[in-house]
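The values are calculated or read from the model by the stated rules, or taken from the named source; none is laboratory data. Note that the coordinates shown come from a computational prediction; the quantities given were computed from them, not determined experimentally. Cβ coordinates were reconstructed from backbone atoms using ideal geometry, including for glycine residues, and neighbour counts include every protein chain displayed. Surface accessibility is based on the protein's heavy atoms, side chains included, excluding ligands, DNA and RNA. Shrake-Rupley method; radii C 1.70, N 1.55, O 1.52, S 1.80 Å.
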Amino acid sequence: MSLPVVKRDEKGIPTLYVHDKPFFMRSGEIHNSNASDPAYLEEKLWPALRGLNMNAVIAPVYWELIEPTEGAYDFSSAESLILGARKEGLKLCILWFGLWKNAESMYVPAWMKRDTETYFRAEKVNGEKMTTVSPLCAAAVEKDRQAFTALMRRIREIDSEDNTVVVMQVENEIGLLGTDRDYSETAQKAFFAPIPGKLAAALGKSGTWEEVFGEDAGESFMAWHFASAVETIAASGRKEYDLPCYANAWLRQSPWFPGSYPSGGPVERVQPIWRTAAPSLFAFGPDIYVPYCADVMDSYATDENPLFIPEIRKDAVASSYALYAFGAKNAICFSPFGIEDLALDPGQLDKPPMDLMIALNIDPSAFDITGSKDCLAATYDLLDQLEPLYLQYRGTGHLKACVRHGETDYSAFLRFADYDFVVKYGPRMSGKPLGALWVLELSEDRFLLVGLNCTPEFHVKPGVNRKLDILRLEEGRVVKGQWIPGRVMNGDEKMSLRFGDMPAAMLVELQRF
Ligand code: DGJ
């Protein structure tokens, strides 16, 4: 059996294969510290995830815990995580909290933190040393490479049969905050030298960073150096055990200048640089806490960058975005952050401190779990049941999906061979999902609809001088790709066809006469 791999399927869609079968990660990412204690995992974490119909979980392994003493590895925390996930029947994406986490070096072992001479920090223009180890510090990158490679070896030893671990995220939200670039002595020398030959060849341009990138020189320079460090680490780890690897991005967002978001992280504008420096990565995944999640999905899902969402808001809109991510964007992974919170009563949940939200530039409503749990669990279940149909129809014109993109996005227009659909979105309300719909064209007149908070309307094609009627409307369920009909709704219900706050499926047969 092959190892987990991301490759294009027969329709050309980049797909994660696990045990040689497509695997769509209906996931959640756990809070940062919750994989650090095996007892906590056992008693609190795994029980909290049950019932959400996830098939995967995203969780960290911490460098400081696996190498507390230089050169002496202790993999027990990683092992409990892997064995625990396996017991729960969940696949695992491991976050390597190594040199960089949220633009800092929070998880490097204390022995490295203390030795600021050997493992030098990035510096601001005024010489202030940062809490971030410089990506130009080859000695630090080498230590991270060794630790990550040792971790991959250990994973291979205990997991190459089961393949509980299916993907690795290398580092977390890389970049520098509060400065456009590193001004340390080593960085200064590199910044005023010509750009590396490999980058010059890829761009077809040469010169110094400022000559080639102008005002974007600082961010481009950091992107190259962070990406090169990640490549060193990921390539070495993959040689030991070849799992798909990606990097995640803190989004470029208001107030937009490099350093207000981590400068050098794999945001869209510097992805060509990342792609050149780090060919061992299959994707750059967005962490999406802004109100305009669908726009972000649209811009990150490109032919070169399959959509892998390691973190997204977990309020009730998450379910709508899950439908859109898989239905419209062929996502490999969808994963609300702090997923274990969904087990709590919304009233019990401590609101994240406002200072933290401000520091992380997170929309606080992203963490409001009112109405989330049941809706996400039902949506994940439906996606699971739809999978055979999804595999058949995705990448063809017979599956189309939409979601409300913003306040002024009132409807979507979806075209099929013999009919057009107008999807009117319900109002946006806190604690409720956004309007979202999947339409599967099963034959010229029969459509399977799966939706939330919206009203579909049907139209004959322009220029066709015929009237339209709903011949038959059925509510029902999808079980393993099969339609199981429920009530036939050809009376009042047909005149007020609407999807509500929980995901539902309907089969509609249309008639032109
Ligand atoms: C994004 C980071 O990647 C996560 O680890 C976490 O810090 C969230 N922000 C916010 O809690």
Checklist entry - For the range 162-259, what does the equivalent ellipsoid look like in terms of its semi-axes, each the square root of 5 times an eigenvalue of the Cα gyration tensor, given largest first in whole Å? => result 28, 18, 12
Checklist entry - How much net charge surrounds residue 194 when only other residues with a Cβ under 13 Å from its Cβ are counted (Lys, Arg +1; Asp, Glu -1)? => result +1
Checklist outcome for this item: Cross-link reach from residue 87 to lysines, straight Cα distance under 18 Å and at least 8 residues apart if same chain, gives 44
Checklist entry - From the phi of every residue in the range 180-194, what ³J(HN,Hα) in whole Hz does the Karplus formula 6.51 cos²θ - 1.76 cosθ + 1.60 yield, where θ is phi - 60° and glycine or proline is x? => result 6, 7, 7, 10, 5, 4, 5, 5, 4, 4, 5, 5, 8, 8, x
Item to check | In the range 267-332, the GluC sites (Glu not before Pro) that fall in loop regions by DSSP, at most 12 other Cβ within 10 Å | outcome: 304
Checklist entry - Hey, what's the range 5-392 come to in accessible area per residue, 1.4 Å probe, Å²? => result 36 Å²
Checklist outcome for this item: In whole percent, the fraction of accessible protein surface over the chain that belongs to carbon or sulfur atoms, probe radius 1.4 Å, stands at 51 percent
Item to check | Loop-located GluC sites (Glu not before Pro) in the range 159-234 whose Cβ has at most 11 other Cβ within 10 Å (DSSP) | outcome: 161
Checklist entry - How big is the gap, in Å, between the Cα center of the range 250-300 and the Cα center of the range 123-194? => result 17 Å
Checklist outcome for this item: Taking only protein heavy atoms and a 1.4 Å probe, the highest-to-lowest accessible-area order of 155, 358 is 358, 155
Checklist outcome for this item: Note on the range 5-392: C-alpha Rg/Rh, Kirkwood Rh, two decimals, gives 0.95
Checklist entry - Rounded if a/c is under 1.5, else prolate if a/b beats b/c, else oblate: with a ≥ b ≥ c from the C-alpha gyration tensor eigenvalues square-rooted, which is the range 319-363? => result oblate
Checklist entry - Tell me, what is the percent relative contact order of the chain, built from C-alpha pairs under 8 Å that lie six or more residues apart? => result 12 percent
Checklist entry - What are the residues whose amide H is under 5 Å from the amide H of residue 290, where those residues sit 5 or more places off or on another chain and H is modelled from the backbone? => result none
Item to check | DSSP-defined antiparallel bridges as percent of all bridges, the chain, nearest 5 | outcome: 65 percent
Checklist entry - Tally Lys/Arg at +1 and Asp/Glu at -1 over every other residue whose Cβ is under 14 Å from the Cβ of residue 354; what's the total? => result -3
Checklist outcome for this item: Row for the range 397-512, column shape: gyration tensor on C-alpha, a ≥ b ≥ c, rounded if a/c < 1.5 i.e. under 1.5, prolate if a/b over b/c, else oblate; value oblate
Checklist outcome for this item: Surrounding charge for residue 215, neighbours by C-beta under 15 angstrom, Lys/Arg +1, Asp/Glu -1, total -2
Checklist outcome for this item: By the mean-Cβ-within-10 Å protection proxy, highest first, 191-197, 327-333 rank as 327-333, 191-197
Checklist entry - So what is the relative contact order of the range 397-512, in percent, for Cα pairs below 8 Å that sit 6 or more residues apart? => result 25 percent
Item to check | Table column - 3J(HN,Hα) (Hz), the range 17-33, Karplus curve with 6.51, -1.76, 1.60, x for Gly and Pro | outcome: 10, 10, 6, 6, 10, x, 10, 9, 7, 9, 10, x, 9, 8, 4, 3, 9
Item to check | Number of Lys pairs (Cα under 20 Å; 8 or more positions apart or on different chains) in the range 234-373 | outcome: 4
